[in-house]
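The values are calculated or read from the model by the stated rules, or taken from the named source; none is laboratory data. It should be emphasised that the depicted structure is a prediction, and the values quoted were computed from it without experimental measurement. Reconstructed Cβ throughout: ideal geometry from the backbone, glycine too, with neighbour counts over all protein chains shown. With ligands, DNA and RNA removed, areas are computed over all heavy atoms of the protein, side chains included. Shrake-Rupley method; radii C 1.70, N 1.55, O 1.52, S 1.80 Å.
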Amino acid sequence: MSEHHKTMTFTLIVWRQKGPNDPGKFETYTANNITEHHSFLEMLDCVNEDLIKSGREPIVFDHDCREGICGMCSQVINGMPHGGEKRTTVCQLHMRTFKDGDTIYVEPWRARAFPVIKDLVVDRSALDKVVQAGAYISCHTGGVPDGNAILVPKGAADEAMDAAECIGCGACVAGCPNGAAMLFTGAKVSQYAVIPQGRAEASRRVKSLVTAMQECNFGNCSNHYECQASCPKGIDVKFIARMNREFIKAQFA
Amino acid sequence: MILDGKCPTGPIQQTWDKHRFDLKLVNPSNKRKYNIIVVGTGLAGGAAAASLGELGYNVQAFCYQDSPRRAHSIAAQGGINAAKNYPNDGDSIYRLFYDTIKGGDFRAREADVWRLAQVSNNIIDQCVAQGVPFARDYAGYLDNRSFGGAQVSRTFYARGQTGQQLLLGAYSALSRQIKLGTVKMYERREMLDLVVVDGVARGITVRNLITGKLESYAADAVCLATGGYVNVFYLSTNAMGCSVTAIWKAHRKGAYLANPCYTQIHPTCIPQAGEYQSKLTLMSESLRNDGRCWVPKNKADLNKHPNDIPEEDRDYYLERKYPSFGNLAPRDIASRAAKEQCDDGRGVGPGGRGVYLDFASAIKRVGEDTIRERYGNLFEMYEKITAEDGYKRPMRMYPAPHYSMGGLWVDYNLMSNIPGLFVLGEANFSVHGANRLGASALMQGLADGYFVIPYTIGGYLAGVKPGQVTSEHPEFRKSEEDVKNSVNRLFDIKGKKTVFEFMRELGGLMWENCGMARSKESLEINLKRIPELREEFWKNVKVSGTGSELNQQLENAGRTADFFEFAELLCRDAHHRNESCGGHFRVEYQDAGEAQRDDVNFAYAAAWEFKGTGKEPELHKEPLKFENVHLAVRSYK
Ligand SMILES: Cc1cc2nc3c(=O)[nH]c(=O)nc-3n(C[C@H](O)[C@H](O)[C@H](O)COP(=O)(O)OP(=O)(O)OC[C@H]3O[C@@H](n4cnc5c(N)ncnc54)[C@H](O)[C@@H]3O)c2cc1C
Ligand code: FES
């Protein structure tokens, strides 16, 4: 319980922006009475309660599951998407990783393809558009073979799963100096390319996804690998290489 | 009134096939003339929208998140059941049906449960075809694990992220239809009203959460797949945005709400660490395959490091009480057992509210690597939250609100008592009775979405002319006006307490007096306190900002207002049900700690009709008949 723990105080420097056309600015707040067990978002909840009570506008931020799986939370903390703890989303980041008295910068994802909506909330619909372009297997509801009719070697199933763990938060884009969505798209391409069910459409898929990526204003890849470093699920850059291979193969298909 | 679930009769094995054949069909070229609204794009709504779009209907789908991929189905960890019998361990459709009826403590409809068990196998095939990366063995075959309440291994899984993978499968099918133009997706919209014209569901009013604009949409049928309501307890395993709002608004417009008191408390969640806490995190039931629950036998050992407590001083209470199911006893039973140990003063951790879930013997048996492969992400999650290493010392667990078996009343076709209003997934009340077995919610969501609604909605639409009512109808203007007024009312209060403070207080009352154990007295306290607190809310809540912008305070205030009305109904339902069954445990009705059902007086679904805020709702009963599984005392001993 909280009484057993000493409390900490932080200075927060938070990006506030009223709307897409507002230039936005940093504002400073104090977070009081925070314990090591507070998650980062619970710390922000406390700050917001104080703001509301003193008649000021609370900080708006996206969040939902608060257990690191929905991909809704999206904040750049001290310059790093999700705060830079290994394999951790903001909602799972705990205040025990900070020191009492720290000053913490909080900003929204910044990328050309993700316009700011308000404060820390951005528009990530570009990621959905990439998926709509063909990140699926075009099967119908019903009329499919038995689950064991087509065997999937364990290695392939595991690799597909490694790619499919992506939570679509967009940290890879926010972390990339070019605002590229190569890791996100590469993971989608690979997830389907490595299993037999997905092979039939592999070349069509990779071509449409790459086109969609460009149309959605995502940048190009120049091998910084910041995407992998930012990814809260540890998605591997090898999937970008795989996408590039699939793309080249598709040109001759 | 006696309600009729319109269940087909005859031998149970043939009910669904026969019913499917009897349903009227909509001619393929006519389908595009029909508009269907689907609210919610989790497993149930996502699968429904994709399948209906593919059939050729015009679908409009809505969710409150920024993408359909983020519905709370994403958080399901453990797995999904199916009666495939791949392990050759004696499973069958009949056994899955039987286990589900029994697991639900004989409070669900047989026909609905049979259908669920029957289509469970199609779900696995469907998901595999979509590319869902289920766990496989080295030969490439699908792998299974065990879940509570079953003695066979029928749970399919994708590491500890089964819900995520199934949802992404449904989302990929949905995305394909969006691209094809059969489904129009509206994200960041919250449904705040159901539009009913001449007794028929005709559309919805939503708030655009970015601009604040109120928008209404008309259709020939409305499907709600808006998930569960256990955030009425404030602290639960649900996502922050999960609410009762959509189904409550439908309830206010005449839809009956059934069995709201059937709520599931999940036995293995990470215990609360402090007041400020915003949610509780579940640790999948699958962990009980390898984890053993225990508390110290002696209170004197409570402050010792668990690894220093010798074997003979540990009470493996589930293995002791339920030798044949052991650690895999169903959830309601495992939760109550944990509470019992803690009430006895042998709970561990802060406040004495915790039990150990210990992996030491499994690690010894199969090695840490195997355990890591099975549950790695769960151990990681546990460590992030508690800063403790579950491989090195037992995890600490405590039960938490998790799932709602109750929901809007639907007939066998998943249609509510309002014609044209269908309800899918966790939002309806249909198959889990008074307790849901693990890995059955994912199964139900996908069954409803992929394999039930595509047929049953056709049966309804075949009988109605498309496009009879458009959003020009005055009822739509009135609905928008009503929503606008209730939004403005919240801003006008300008009180002193925040929405969170009210919600925490309401949740506290619900957990204390209507949680794992309920009594006539505790429920009467709530029936008095909730209306008082609700009145205070409407006088003293503080909502700042405006309605014409992204305003999360306003969203939370609206949801809380609905929880306040709903909480009273939940308690009333619990108060009227003078028996214990499944997740509904009334301390007056027990036999040495086991739930005591009253089949003579309570073998019915309780469907409540709204009569006005603070007014007594009217109870309608749907009698439950058990012709295949005989009513018996549920035993897991
Ligand atoms: C942590 C956790 C673990 C679980 N693990 C398992 C498991 O291992 N196996 C299992 O079988 N089950 C599990 N469950 C249960 C299961 O995940 C859910 O019951 C199921 O996914 C619910 O699916 P759904 O489609 O009905 O609702 P949800 O997935 O909750 O979707 C609700 C949808 O409705 C939308 N919505 C809600 N309200 C509104 C509104 N007013 N306006 C517009 N849109 C709205 C949301 O945006 C969302 O799209 C778990 C649940 C939790 C919380
Ligand atoms: S809130 Fe869901 S991942 Fe952070």
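Quick notes
- Mean residue ellipticity at 222 nm, helices only, chain B: -11000 deg cm²/dmol; runs of at least 4 DSSP H residues each add -39,500 (n - 2.57), and the sum is divided by the number of residues.
- Over all Cα atoms in the stretch A:3-118, the spread is summed up by Rg and Dmax: 13.9, 46 Å.
- Contour minus Cα-Cα distance for B:N298 and B:K18 (0.36 nm per residue): 94.9 nm
- Stokes-Einstein diffusion coefficient of the stretch B:481-613, Kirkwood radius over Cα pairs, 4 °C, 1.567 mPa s, in µm²/s: 79
- Between 0 and 90 degrees, the angle of helix B:43-55 with respect to the longest Cα principal axis of chain B falls at about 40 degrees.
- Fraction of alpha-carbon pairs over 21 Å apart in the stretch B:92-165 - percent: 34
- Taken along its principal axes, the alpha carbon cloud of the stretch B:331-485 reaches lengths of 66, 38, 28 Å, longest axis first.
- Projecting the Cα atoms of B:G148, B:Y636, B:Y403 onto the charge dipole of chain B, computed from C-beta unit charges around the Cα centre, puts B:Y403 farthest toward the positive end.
- The stretch B:216-245 residues near the modelled B:E535 label - backbone nitrogen below 19 Å, point 7 Å along Cα→Cβ: none
- Amide H contacts of B:D315 (H built 1.01 Å from N, under 5 Å, at least 5 apart or other chain): B:V295, B:K297
- Label separation (A:N21 vs B:E311): 7.4 nm, computed from points 7 Å beyond Cα along the C-beta direction.
- The base-10 log of I(q)/I(0) for the stretch B:422-556, evaluated at q = 0.09, 0.21 Å⁻¹, reads -0.53, -1.10 [Debye formula, identical scatterers on Cα atoms, solvent excluded].
- Note on chain A: helix-only mean residue ellipticity at 222 nm, from DSSP H runs of 4+ residues weighted -39500 (n - 2.57) and normalised by residue number, equals -10000 deg cm²/dmol.
- Amide proton proximity set for B:R136, modelled H, under 5 Å, gap of 5+: B:D143
- On Cα atoms only, tilt of B:110-130 relative to the major axis of chain B in degrees: 90
- Counting, for every residue in B:166-178, the Cβ atoms of other protein chains within 10 Å of its Cβ and taking the mean gives 5.
- Across the stretch A:67-141, Cα-Cα distances exceeding 16 Å account for 60% of all pairs.
- If the segment from A:L151 to A:R110 were pulled out straight at 0.36 nm per residue, it would be longer than the present Cα-Cα gap by 10.5 nm.
- Semi-axis lengths, largest first, of the ellipsoid equivalent to the stretch B:12-111 are 30, 22, 13 Å, with √(5λ) applied to each eigenvalue of the Cα gyration tensor.
- For the residues of B:270-281, the average number of beta carbons from a partner chain within 10 Å of their own beta carbon is 6.
- Two-decimal Rg to Rh for the stretch A:124-250 - Kirkwood Rh, Cα set: 0.97
- Highest average packing first - A:166-176, B:580-590, Cβ atoms within 10 Å: A:166-176, B:580-590
- Considering chain A at the alpha-carbon level, its Rg and Dmax are found to be 20.6, 66 Å.
- Sorting the segments B:484-493, B:148-157, B:222-231 by their residues' average number of neighbouring beta-carbon atoms within 10 angstrom, most packed first, yields B:222-231, B:148-157, B:484-493.
- For the protein assembly as shown, the solvent-accessible area with a 1.4 angstrom probe is 35 square angstrom per residue.
- Nitroxide proxy distance, nm - points 7 Å out along Cα→Cβ at B:E618 and B:K33: 3.6
- Start at zero, step by 10 Å, and the Cα-Cα distances of the stretch B:190-331 spread as 9, 25, 25, 18, 12, 9, 2 percent across the bins.
- With kT/(6 pi eta Rh) evaluated at 37 °C and eta = 0.692 mPa s, and Rh the Kirkwood radius from Cα pairs, the stretch B:451-525 diffuses with a coefficient of 185 µm²/s according to Stokes-Einstein.
- The orientation-averaged projection of the convex hull spanning the C-alpha atoms of the protein assembly as shown amounts to 33.8 square nanometres.
- Solvent-accessible area assigned to carbon and sulfur over chain B amounts to 49 percent, based on a 1.4 Å probe.
- Calculated over the stretch B:575-637: convex hull of Cα atoms, volume per residue (Å³): 108
- Debye intensity ratio I(q)/I(0), log10, chain B, q values 0.08, 0.12 Å⁻¹ (C-alpha model): -0.54, -1.29
- Angle in degrees between helix B:474-493 and the longest Cα principal axis of chain B, rounded to the nearest 10: 50
- Interface size B-A, as summed buried accessible area [1.4 Å probe, Å², nearest 100]: 6700
- Taken residue by residue and averaged, Cβ atoms of other chains lying within 10 Å of the Cβ of A:148-158 number 6.
- Restraint check, A:K118/A:K233; B:K102/B:K249; B:K6/B:K321; A:K86/B:K496; A:K99/A:K238; B:K213/B:K542, Cα-Cα greater than 29 Å: B:K102/B:K249; B:K6/B:K321; A:K86/B:K496; A:K99/A:K238
- For the stretch A:3-118, with all protein chains in place and a probe radius of 1.4 Å, 49% of the accessible heavy-atom surface sits on carbon or sulfur.
- Percent of alpha-carbon pairs separated by more than 24 Å within the stretch B:267-399: 23
- Mean Cβ neighbour count within 10 Å, used as a protection proxy, ranking A:121-132, B:65-76 highest first: B:65-76, A:121-132
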